[in-house]
Amino acid sequence: MHKARHNPLNSIAAHAALLTWTAIALFPVTVILVNSFKTRKAIFREPLALPDAESFSMVGYQTVMKQGDFFLYFQNSMIVTVASLFLILLFGAMAAFALSEYRFRGNTLMGLYLALGIMIPIRIGTVAILELMVDTGLVNTLAALILVYTAQGLPLAVFILSEFMRQVSDDLKNAGRIDGMSEYAIFFRLVLPLVRPAMATVAVFNMIPIWNDLWFPLILAPGEATKTLTLGSQVFIGQFVTDWNAVLSALSLAILPVLVLYVIFSRQLIRGITSGAVK
Amino acid sequence: MTALLLENVHKSFGTVQVLKDIGLEVADGEFIVFVGPSGCGKSTLLRVIAGLEDVSAGRVSIGGRDVTATPPAKRGIAMVFQSYALYPHLDVEGNMALGLKQAGEDRKVIAERIAMATRMLSLEPYLKRRPSELSGGQRQRVAIGRAIVRKPDLFLFDEPLSNLDAALRMATRVEIARLHRELGASMIYVTHDQTEAMTLANRIVVLRDGRIEQVGSPMELYNDPANRFVAGFIGAPSMNFLKAGPLGAPGAELGIRPETLRVAAEGPIRGTVTHVERLGSDTNLLVVTPTEETVTVRLFGQHDHRVGEEIALDFDRARALSFDAGGKRLRH
């Protein structure tokens, strides 16, 4: 391709670094996946060995399927994550649009107030949140989790998105106004498509902590019907005995949906980057 | 009929007064150009006319209708932006159709209008392309097409040529002038480029610090400027202002256009040539007098002057203008 700029040594060094990093990043995931298909003995005897005819076992997955309502946990996690992400993106983007687009009294103050949430961890307010949920009768509902996660994700979403929305050309929005588009049409049809890469970033940043969270499900929704996957998997971890087969199988299954969501969002990220590059 | 009427328009952002008591009447079919240095309020005035900014006080009427409180889409205007502002997710056809679709026009009417605009601007080969697949000049033509299809009472142009290169700027300028003739529509055009102002305008509005300094045809402003600011702003290279006393003229300053100066054996102005610009058709000299005043001289044709040369300059007294200390024109 570019012979003049192509140095084989540099290329090898770059690839070596990338491969090393990939190996380190994938190692724990691989260990989990590989061991979830082995017998308990084999897991402890040779944790790094691939399963063979003797050590292969699906007992972990069988336990997971039998014990508890694993698909329900799965569904709960999915509902909570997707609904929270949707609300974070919708309200975050709307607030960001208002802050970046309109001049009104207290604009800067409002921006600072919303950004404050980034610095104060929401878990500090757990007791108050729990009291609130008890008073409103939302304990043991998925709505409780969705509300908390939305509140937790909004500050960063508003902060990142308003920064990106400031970069959307004023002329473009004004052209839309002259063409008779309503403020909502301008927001949904002109501005949102242009900040799609930022939306994907916000979605990815928020998705993983919500999916993995143990704290709020344990406190706000520990009931059988509203258990999330992370909470549900805890039944296999005991104080004295841990069913490692089941834990590893549950973890392996839990990776899948996040992976799918991540692939969807990261495609948006890449598309956003290339669409800017060819302009 | 008047296309646009501005009455005592004021605009402030917080405590900063951007527009101060603007009054202007634009006749049907007129091509009006707003010029002025950056920050003079010309773009703000255009945005006030478009309805993108509210007036702080005063009235705006378009086509005889008071539109002071009307949203931009219902004012009967179309606007062409400096940055083109095309919708990136729509193709050329979609860009032109959007405004009409929003207004609920019939599909047949939309197709007809787009066909007309496409023909006028030779955009046929690009109808299905996205803005990102077009060059700067093509994008600006699409932006103009988007304005034409709306059949507005008033066209607004916000520095539409500043992002184009010199050759394309000239071609697009000619195209805009041709469109104005063919459509016979009223147009308001904001620019800081006085070549555009001089060549396109029926009347030029010169603005400074949010006030109208003078309104008039290009030649009126060139020949008969109301004050020192307009005299210095219109014409390139700009007018020389010399102390009137030593030249035996009334007032504080004497304004002499570079093209009315000539090199002579004996003359009232003497100085050293410090710079020579040879443009082929013209030669520009920068001459510094013993009193440290810089004089620009525009000579037609090619002349053989060198840097460091001592020369004398004479000028046409009938065409020189006198100004008082406050910059006001003194008429004799």
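The values are calculated or read from the model by the stated rules, or taken from the named source; none is laboratory data. Keep in mind the model is a prediction, meaning the values are calculated, not measured. Counting neighbours? That spans all protein chains shown, and the Cβs are built from the backbone with ideal geometry, glycine included.
Can you name the helices (runs of 4 or more DSSP H) wholly within segment A:151-223 that have at least 3 residues being farther than 30 Å from B:D153 by Cα and β-branched (V, I, T)?
Numbers: elements: A:170-178, A:196-212, A:215-220.
Helices (runs of 4 or more DSSP H) meeting the threshold: A:196-212.
Scanning segment B:105-114 for residues that are more than 30 Å from the chain's Cα centre (by Cα) and either within 14 Å of another protein chain (Cβ to nearest Cβ) or in a helix (DSSP H, G or I) (or both) gives B:E105, B:R107, B:K108, B:V109, B:I110, B:A111, B:E112.
Tally the residues that are in contact with a Phe, Trp or Tyr (Cβ under 6 Å, 6 or more places away or on another chain) and assigned to a helix (DSSP H, G or I), restricting the search to segment B:148-180. Can you show your working first?
Quick first cut of segment B:148-180, residues in contact with a Phe, Trp or Tyr (Cβ under 6 Å, 6 or more places away or on another chain) only: B:157-158, B:180.
Going one step further and asking which of them are assigned to a helix (DSSP H, G or I), we end up with B:180.
Adding up the residues that qualify gives 1.
The set of residues in segment B:9-53 that are in contact with a Lys or Arg (Cβ under 8 Å, 6 or more places away or on another chain) and either among the polar types (S, T, N, Q) or on the phi > 0 side of the Ramachandran plot (or both) comprises B:Q17, B:D21, B:G36, B:G41, B:T44, B:G51.
On the stretch given as segment B:76-104, residues that are more than 11 Å from every other protein chain (Cβ to nearest Cβ) and either buried (at least 23 other Cβ atoms within 10 Å of the Cβ) or part of a loop (DSSP other than H, G, I, E, B) (or both) total 2.
Conditions (1) out of contact with any Asp or Glu (no Cβ under 9 Å at 6 or more places or on another chain); (2) surrounded by fewer than 18 Cβ atoms within 10 Å (Cβ to Cβ), marked per residue:
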position: B:A117; (1), (2): yes, no
position: B:R139; (1), (2): yes, no
position: B:D158; (1), (2): no, no
position: B:N163; (1), (2): yes, yes
position: B:A167; (1), (2): yes, yes
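A:K173 meets each of the listed conditions (1) within 14 Å of chain B (Cβ to nearest Cβ); (2) free of Cβ contacts under 8 Å to residues at least 24 places away in the same chain apart from (2).
Say we look at segment B:25-72 and pick out the residues that are among the hydroxyl-bearing types (S, T, Y) and within 24 Å of B:H192 (Cβ to Cβ); which of these is farthest from the other protein chains (Cβ to nearest Cβ)? Steps first, answer last, please.
Taking segment B:25-72 as the starting set, the residues that turn out to be among the hydroxyl-bearing types (S, T, Y) are B:38, B:43-44, B:56, B:61, B:68, B:70.
Then keep just the ones that are within 24 Å of B:H192 (Cβ to Cβ); that gives B:38, B:43-44.
Working: B:S38: 17, B:S43: 11, B:T44: 13 Å.
The extreme case among them is B:S38.
Residues of segment A:220-234 that are of a type outside the set (S, T, N, Q) and surrounded by 18 or more Cβ atoms within 10 Å (Cβ to Cβ): A:L220, A:A221, A:K227, A:L229, A:L231, A:G232.
Restricting attention to segment A:178-193, the residues that are crowded, with 20+ Cβ neighbours inside 10 Å and at the interface with another protein chain (Cβ under 8 Å from one of its Cβ atoms) add up to 4. Scanning segment B:20-56 for residues that are more than 22 Å from B:A201 (Cα to Cα) and not in a loop (DSSP other than H, G, I, E, B) yields B:K20, B:D21. Of the listed requirements (1) in the same structural domain as A:Y184 (by TED's automatic domain parsing); (2) surrounded by fewer than 15 Cβ atoms within 10 Å (Cβ to Cβ); (3) under 30 Å from A:F164 (Cβ atoms); (4) among the hydrophobic types (A, V, I, L, M, F, W, C), A:F71 misses just one: (3).
Restricting A:N212, A:N206 to residues that are among the polar types (S, T, N, Q), free of Cβ contacts under 8 Å to residues at least 24 places away in the same chain, more than 12 Å from chain B (Cβ to nearest Cβ) and in contact with a helix residue (DSSP H, G or I) (Cβ under 8 Å, 6 or more places away or on another chain) narrows the list to A:N212. Pairs meeting the criteria (first residue in segment B:193-219 and touching a residue at least 12 places away in the same chain (Cβ under 8 Å) and farther than 16 Å from B:G235 by Cβ, second residue among the polar types (S, T, N, Q) and surrounded by fewer than 19 Cβ atoms within 10 Å (Cβ to Cβ), beta carbons under 7 Å, at least 6 apart or on different chains) are B:N202/B:S217; B:R203/B:S217; B:G210/B:Q17. Scanning segment B:49-73 for residues that are surrounded by 15 or more Cβ atoms within 10 Å (Cβ to Cβ), in contact (Cβ under 8 Å) with a residue 40 or more places away in the chain and not charged (D, E, K, R) yields B:I49, B:A50, B:V55, B:G58, B:V60, B:S61, B:I62, B:G63.
Evaluated against (1) under 30 Å from B:G210 (Cα atoms); (2) away from chain A (no Cβ under 11 Å); (3) surrounded by 19 or more Cβ atoms within 10 Å (Cβ to Cβ), B:L123 falls short on exactly one condition, (1). Considering only residues in segment A:224-279 that are part of a loop (DSSP other than H, G, I, E, B) and within 14 Å of another protein chain (Cβ to nearest Cβ), the one that is modelled with the lowest pLDDT turns out to be A:K279. One residue alone among A:A143, A:A198 is in the same structural domain as A:Y262 (by TED's automatic domain parsing) and in contact with a Phe, Trp or Tyr (Cβ under 6 Å, 6 or more places away or on another chain), and that residue is A:A198.
Among the residues of segment B:260-318 satisfying the criterion of being hydrophobic (A, V, I, L, M, F, W, C) and in a loop (DSSP other than H, G, I, E, B), which is farthest from B:L247 (Cα to Cα)? I'd like the intermediate steps shown before the answer.
So the first thing to find is which residues in segment B:260-318 are hydrophobic (A, V, I, L, M, F, W, C), and the list is B:261, B:263-265, B:269, B:273, B:276, B:279, B:285-288, B:295, B:297, B:299-300, B:307, B:311-313, B:315, B:318.
Of the ones still in play, those that are also in a loop (DSSP other than H, G, I, E, B) are B:265, B:279, B:307.
On the way: B:A265: 17, B:L279: 30, B:V307: 25 Å.
Out of the qualifying residues, it is B:L279.
Taking the options A:L85, A:L33, name whichever one is in the same structural domain as A:P217 (by TED's automatic domain parsing), in a helix (DSSP H, G or I), at pLDDT 85 or above and within 25 Å of the chain's Cα centre (by Cα). Write out each step before concluding.
Numbers: A:L33 fails: in the same structural domain as A:P217 (by TED's automatic domain parsing).
Selected residue: A:L85, the only one of A:L85, A:L33 that is in the same structural domain as A:P217 (by TED's automatic domain parsing), in a helix (DSSP H, G or I), at pLDDT 85 or above and within 25 Å of the chain's Cα centre (by Cα).
Is it the case, given these coordinates, that B:A69 is over 12 Å from B:L5 (Cβ atoms) and assigned to a helix (DSSP H, G or I)? For B:A69, the condition - over 12 Å from B:L5 (Cβ atoms) and assigned to a helix (DSSP H, G or I) - is not met. Evaluate segment B:94-113: report whether one residue or more is over 23 Å from B:A50 (Cβ atoms) and of a type in the set (A, V, I, L, M). Within segment B:94-113 (the criterion being over 23 Å from B:A50 (Cβ atoms) and of a type in the set (A, V, I, L, M)), the answer is yes, since at least one residue qualifies. For B:T195, the criteria (1) at pLDDT below 90; (2) among the β-branched types (V, I, T); (3) in contact with a strand residue (DSSP E or B) (Cβ under 6 Å, 6 or more places away or on another chain) hold in every case but one, which is (3). Which of the residues spanning segment B:154-173 are within 13 Å of another protein chain (Cβ to nearest Cβ) and at negative phi? B:L154, B:F155, B:L156, B:F157, B:D158, B:P160, B:S162, B:N163 - these are the residues of segment B:154-173 that are within 13 Å of another protein chain (Cβ to nearest Cβ) and at negative phi.
Checking B:I188, B:I204, B:I234 one by one, the residue that is crowded, with 23+ Cβ neighbours inside 10 Å, at pLDDT 95 or above and in contact with a helix residue (DSSP H, G or I) (Cβ under 6 Å, 6 or more places away or on another chain) is B:I204 and no other.
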